[in-house]
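The values are calculated or read from the model by the stated rules, or taken from the named source; none is laboratory data. Given the structure is predicted, the values throughout are model-derived calculations rather than measurements. Cβ placement follows ideal geometry from the backbone for every residue including glycine, while neighbour counts extend to all protein chains displayed. Protein only, heavy atoms only, side chains kept; ligands, DNA and RNA dropped before computing areas. Shrake-Rupley method; radii C 1.70, N 1.55, O 1.52, S 1.80 Å.
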Amino acid sequence: NAGVTQTPKFQVLKTGQSMTLQCAQDMNHNSMYWYRQDPGMGLRLIYYSASEGTTDKGEVPNGYNVSRLNKREFSLRLESAAPSQTSVYFCASKRRDASLGNEQFFGPGTRLTVL
Amino acid sequence: AQRVTQPEKLLSVFKGAPVELKCNYSYSGSPELFWYVQYSRQRLQLLLRHISRESIKGFTADLNKGETSFHLKKPFAQEEDSAMYYCALSWGGGSNYKLTFGKGTLLTVNP
């Protein structure tokens with residue numbers, strides 16, 4: 001199993017450009033999450049999808065959109081990138097059965113720079 | 001509202017010394033807590049979860065509901081323990097579980 005995978009690993013954008021970050025998991029997990037990681041801020045939840053067909057805002061959703069394409073894939077889109085969106089983005093997933101624990105499994109991250 | 005506090009941004013110890021990374025939480029429900037570790041420029045990896053009461057890589061953490069704490073401890077630090085450590089609280093219900101993270105503690109173990 002590859003676990004949680006993300007593409008691309010690195011990206012440089014100019015202000016105003018758009019892009020989509022891709023995430024996929026092969027663990028048959030129901031829930032998927034997008035976080036951003038900034039120095040001194042820890043990880044902050046952008047959006048999440050509790051199950052296929054549903055998405056909800058997290059703590060910092062402004063400037064982002066998401067799509068839960070199917071059970072495996074959850075994408076994050078920046079429609080008009082801003083320098084404040086320079087960050088490392090992590091995707092995560094969680095199994096459905098809470099009795100087994102609610103830990104999340106993380107992807108390797110996408111390092112995004114907006115000039 | 002739920003909150004996780006890690007009071008130390010940076011922690012530096014010498015190899016072989018004991019180490020304790022502090023974590024305090026605020027949550028009105030029954031807490032489920034985790035420690036995640038992130039080695040330089042890598043993904044977050046689960047280190048410990050309180051419900052397992054296990055020891056991983058020599059680390060332990062005990063949930064103290066009275067003090068609302070979940071401190072991470074290791075009796076003898078190793079250089080390979082140098083990393084960023086995040087405490088996280090799981091909250092929600094049904095299919096809507098989320099994690100709230102502390103801001104992290106960067107541990108440096110000096111030779």
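Roughly to the nearest percent, how much of the accessible area of the stretch B:37-111 is carbon and sulfur, given a 1.4 Å probe?
Carbon with sulfur: 48 percent of the solvent-accessible area.
Which one, A:Pro8, A:Gly42, A:Ser75, projects farthest toward the positive side of the charge dipole computed for chain A from Cβ point charges (K/R +1, D/E -1)?
Of the listed residues, the answer is A:Pro8.
May I ask you to list the GluC sites (Glu not before Pro) in the stretch B:1-68 that are in a DSSP loop and have at most 12 other Cβ atoms within 10 Å of their Cβ?
Qualifying residues, ordered by number: B:Glu54, B:Glu67.
List, in the order given, every pair from B:Lys57/B:Lys103; B:Lys74/B:Lys98; A:Lys71/B:Lys65; A:Lys9/B:Lys103 whose Cα-Cα distance in the structure shown is over 32 Å.
As for pairs spanning more than 32 Å Cα to Cα, those are A:Lys71/B:Lys65.
Just order B:82-91, A:11-20 by mean Cβ neighbour count inside 10 Å, highest at the front, would you?
Put in order of decreasing packing, that is B:82-91, A:11-20.
Given charges of +1 on the Cβ of Lys and Arg and -1 on the Cβ of Asp and Glu, with all other atoms neutral, how large is the dipole of the protein assembly as shown about its Cα centre, in debye to the nearest 20?
260
Under unit Cβ charges (Lys, Arg +1; Asp, Glu -1), what dipole magnitude, rounded to 20 debye, does the stretch A:26-115 have relative to its Cα centre?
My answer is approximately 60 debye.
How shielded is A:103-115 by partner chains, expressed as the average number of their Cβ atoms within 10 Å of its Cβ atoms?
3
Send over a whole-number figure in Å² for the accessible area per residue of chain B, probe 1.4 Å.
Normalised by residue count, the accessible surface of chain B is 51 Å².
Where does each of A:49-55, A:23-29, B:25-31 land if you order them by average Cβ count within 10 Å, highest first?
Highest to lowest by the protection proxy: A:23-29, A:49-55, B:25-31.
Peptide B:99-109: average number of partner chain Cβ atoms within 10 Å per residue?
So the per-residue partner count for this stretch is 3.
Using only protein heavy atoms and a 1.4 angstrom probe, determine the accessible area buried between B and A, summed over both sides, in Å² to the nearest 100.
Counting protein atoms only, the buried area is about 1900 Å².
Please compute, for peptide A:54-60, the average count of beta-carbon atoms on other protein chains lying within 10 Å of each residue's beta-carbon.
Across the residues of A:54-60, the mean count of other-chain Cβ atoms within 10 Å is 1.
Apply 1/(1 + (r/R0)^6) to the Cβ-Cβ distance of A:Asp38 and B:Glu79, taking R0 = 41 Å, and write down the FRET efficiency to the nearest 0.05.
Working from the Cβ atoms, E equals 0.90.
Of B:Asn24, B:Leu44, B:Ile56, which is farthest along the charge dipole of the stretch B:17-69 in the positive direction, counting Lys and Arg as +1 and Asp and Glu as -1 at C-beta?
Going by the Cα projections, it comes out as B:Leu44.
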